[in-house]
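Quick notes on the structure that follows.
Read-outs: derived from the displayed coordinates by stated rules, not from any lab. Note that the structure is predicted; figures quoted are calculated from it, not measured. Neighbour counts are summed over all protein chains in view; Cβ atoms, including those assigned to glycine, are modelled from backbone coordinates with ideal geometry.
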Amino acid sequence: MNPWPLLEKYYPPGDPAREILFAHSRAVADKALAVAGRLARSETLDLSFIEEASLLHDIGIRFVHAPTIGCHGDLPYLAHGYKGRELLESEGWPRHALVCERHIGVGLSAADILAQHLPLPLRDIIPESLEEIIIAYADLFFSKGEQELIREKEVERVRQSVARFGAGNLATFERWHARFAS
């Protein structure tokens, strides 16, 4: 499946979020594919899916209010995951849609969503397949800020960012990093 026509449909030339989304998604895809390439000796991975889903993982940003990245929707930024899922499901990409929803941080349980009063559907949104986990991991290393768009974050900075959301999230990241960084 080719994700580019779908990206072009929702982010046509002139869309203020287009270049940011495309550059960020390409950087995430490249890192995810590098991780997958290292694991391919011992794991069976769908490399085409990893690339496609990485390119589409943030397609839902069009619905959120984030003017600094050209997004002028009404929803909070956290909503981009489940809105991306809805969009891709409506377009017939159900497997890729799950990546959109599940790539937020290291994932969120329904209990986390409830306890933190997050503006998200009350369900587990945690990456499950190895491909989903690889994409979520790769995404942690890139921001959409103009200065950091394609520059990979240092591991320590990712740790600090993840740790703000609790020791459990940091432990998840550390497990992922131990498996994927070598």
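For the reader, a short list of remarks on this structure follows.
- Set of lysines near residue 9 by C-alpha distance (under 29 Å), chain-local residues within fewer than 8 positions excluded: 31, 83, 144
- Distance in nm between pseudo-label sites at residue 122 and residue 90 (7 Å out along the Cβ direction from Cα): 2.5
- Only the Cβ atoms of Lys and Arg (+1) and of Asp and Glu (-1) were treated as charged; on that basis the dipole of segment 33-111 about its Cα centre amounts to roughly 200 debye.
- DSSP-assigned coil residues among trypsin sites (Lys or Arg not before Pro) in segment 97-182, each with at most 13 further Cβ atoms within 10 Å: 123, 151, 164
- Normalised radius of gyration (Cα atoms, divided by 2.2 N^0.38 Å) for the chain: 0.97.
- Summary value for the chain: 21 percent relative contact order, contacts being C-alpha pairs under 8 angstrom separated by 6+ residues.
- A simple count of charges around residue 124, restricted to other residues whose Cβ falls under 14 Å of its Cβ and scoring Lys, Arg +1 and Asp, Glu -1, yields -1.
- Dipole magnitude (debye, nearest 20) for segment 4-180, charges at Cβ of Lys, Arg, Asp, Glu: 340
- Proximal charge balance of residue 45 [Cβ under 12 Å; K/R count +1, D/E count -1]: -3
- Charge tally in the Cβ shell below 10 Å around residue 102, where Lys, Arg are +1 and Asp, Glu are -1, residue 102 excluded: -3
- Among 65, 96, 80, the largest mean-square fluctuation in a Gaussian network model of the chain (Cα springs under 10 Å) belongs to 65.
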